[in-house]
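Worksheet: the structure to be examined is printed underneath.
The values are calculated or read from the model by the stated rules, or taken from the named source; none is laboratory data. As the structure is a prediction and not an experimental result, all values here were calculated from the model. All Cβ positions, even for glycine, are placed from backbone atoms using ideal geometry, and neighbour counts span all protein chains on display. Keep in mind that these areas ignore ligands, DNA and RNA; they rest on the heavy atoms of the full protein, side chains included. Shrake-Rupley method; radii C 1.70, N 1.55, O 1.52, S 1.80 Å.
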Amino acid sequence: MVATRHLRFRRRLRRWIEKSILTTLVLSICVYIYGTKVEPNWIEIVPISITIPHLDKAFEEFKLVQISDLHVSRFMPAERFERIIRLVNQQQPDAIAITGDIISRHGRFDAQKLEQQLSLLQPKSVTVAVMGNHDHSKKIEPLKRTLAASQILNLDNQVYILERNGQQLALAGLDDPYWGKADLNATIAQLPPQAPAILLVHEPDYIEQSAVTHRFALQLSGHSHGGQIKIPFLDPIVLPRGGKKYYAGLDRLEDTLTYTNRGLGMTNLPIRIGSRPEITVFTLHSSG
């Protein structure tokens, strides 16, 4: 009797183990397919209306589209990149801001092909960009030449002034703080005294330095990919240095708003789960 019960128990245990292994295998395959094929292509258009203090009514409903962390490599298929360009242009942007990591540090990129793709961006005014930590590699000079050939302004500690009806809006950009390239004081010195300013900087946690200057209405960043793999209701499993505190979405520090875009590409582990790729569409409003 004891031997029979023991045999039955072993059979049930073996069936349970076999079912568990099969279930785990099926779930793993589903998660892999979702994380590599579904979510990376499930691009979210995020509309945000923001009131900019001291913004003149000439810039009312000015549309600024932000993209970030393209990580052009074999993990960014040409078809996906072309769709990203189409989606950005469909927003009819007045200006486009690219907040770093256009390429991947350890990946290859075809400069001619990238120029052809980026040249298809169609802002009414300008496309500006800043460098990210991955951009600072042996490929940075070819990348800078590619941006220039694509009519994209690299704001490496520089300021670009938008003008409408004699009124101004400043787009300021910092070179990458991750590698100690940012020069905040030199950038601020270029700002027109009365013009509201928007800061582009790759690492979002830099807000703790930029906000105390009280010179920027809004900071736009990327870098963190929103964690790239995020279990619902929990913080991301891994976050990079410079993107641990303000890793996704809209925040405020002192009198400066800051927004962290989840990015469009992937690096390291080429999987996205719970952190959809994003194109952010800011519609600016005057405080008056």
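Numbers at a glance
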{"read-out": "Debye, to nearest 20: dipole size of segment 1-82, +1 on Lys, Arg Cβ, -1 on Asp, Glu Cβ", "value": "1600"}
{"read-out": "Sequence-distant lysines (8 or more away, or on other chains) whose Cα lies within less than 19 Å of LYS245", "value": "LYS230"}
{"read-out": "For GLN219, residues with placed amide H under 5 Å, excluding near neighbours", "value": "LEU199, LEU257, THR258, TYR259"}
{"read-out": "Qualifying trypsin sites (Lys or Arg not before Pro) in segment 109-186, DSSP loop, other Cβ atoms within 10 Å at most 11", "value": "LYS124, LYS138"}
{"read-out": "For segment 49-62, 3J(HN,Hα) per residue [Karplus equation, 6.51 cos²θ - 1.76 cosθ + 1.60, θ = phi - 60°, Hz, x = Gly/Pro]", "value": "9, 9, 8, 9, x, 6, 6, 6, 5, 4, 9, 4, 6, 5"}
{"read-out": "Ellipticity estimate at 222 nm from DSSP helix runs (n ≥ 4, -39,500 (n - 2.57)) divided over the chain, nearest 500", "value": "-8000 deg cm²/dmol"}
{"read-out": "Residue-span extension gain [GLU60 to ARG164] - 0.36 nm each, minus C-alpha spacing", "value": "36.4 nm"}
{"read-out": "Identified option (computed Rg/Rh (Cα atoms, Kirkwood Rh); candidates [x] 0.93; [y] 1.12; [z] 0.97)", "value": "[y]"}
{"read-out": "Under-5 Å amide H pairs with SER104, H placed in peptide plane, nonlocal only", "value": "VAL72"}
{"read-out": "Solvent-accessible area per residue, Å², over segment 34-106 with all protein chains present [probe radius 1.4 Å]", "value": "43"}
{"read-out": "Within-15-Å neighbourhood charge of VAL126 [Cβ basis; K, R +1; D, E -1]", "value": "+1"}
{"read-out": "Computed label-point distance, nm, for sites ILE45 and VAL126 using a 7 Å Cα→Cβ extension", "value": "2.6"}
{"read-out": "In sequence order, calculated HN-Hα J values of segment 23-29 (Karplus, 6.51, -1.76, 1.60; Hz; x Gly/Pro)", "value": "4, 4, 5, 5, 5, 5, 5"}
{"read-out": "GLU79, GLU254, GLU115, GLU39, reordered so the largest accessible area comes first (probe 1.4 Å)", "value": "GLU79, GLU254, GLU115, GLU39"}
{"read-out": "Counting DSSP beta bridges with both ends in segment 93-217, the antiparallel % (nearest 5)", "value": "35"}
{"read-out": "HN-Hα J in Hz across segment 144-156 - Karplus 6.51, -1.76, 1.60, θ = phi - 60°, x for Gly and Pro", "value": "4, 5, 5, 4, 4, 5, 8, 6, 10, 7, 8, 8, 8"}
{"read-out": "R0 of 51 Å, Cβ-Cβ distance ASN185-ARG10: FRET efficiency to nearest 0.05", "value": "0.10"}
{"read-out": "Rounded if a/c under 1.5, otherwise prolate or oblate - segment 147-209, Cα gyration tensor axes", "value": "oblate"}
{"read-out": "Amide H within-cut-off set for LYS230, under 5 Å, with H built and near neighbours excluded", "value": "ILE273, GLY274, SER275"}
{"read-out": "Gaussian network model of the chain, springs between alpha carbon atoms under 10 Å - residue of GLY166, GLY274, GLY222 with greatest fluctuation", "value": "GLY166"}
{"read-out": "Angle in degrees between helix 78-90 and the longest Cα principal axis of the chain, rounded to the nearest 10", "value": "50"}
{"read-out": "Accessible area per residue, Å², segment 171-288 with all protein chains present, probe 1.4 Å", "value": "40"}
{"read-out": "Chymotrypsin sites (Phe, Trp or Tyr not before Pro) restricted to DSSP loop in segment 185-288 with at most 11 other C-beta within 10 Å", "value": "PHE233"}
{"read-out": "Considering only the chain, percent of DSSP beta bridges that pair antiparallel, nearest 5", "value": "35"}
{"read-out": "Net charge contributed by nearby residues that have their C-beta within less than 14 Å of PRO47 (K/R +1, D/E -1)", "value": "-2"}
{"read-out": "Protein accessible area in the chain, 1.4 Å probe - carbon and sulfur %", "value": "54"}
{"read-out": "Solvent-accessible surface (1.4 angstrom probe) belonging to SER287, in square angstrom, nearest 10", "value": "80"}
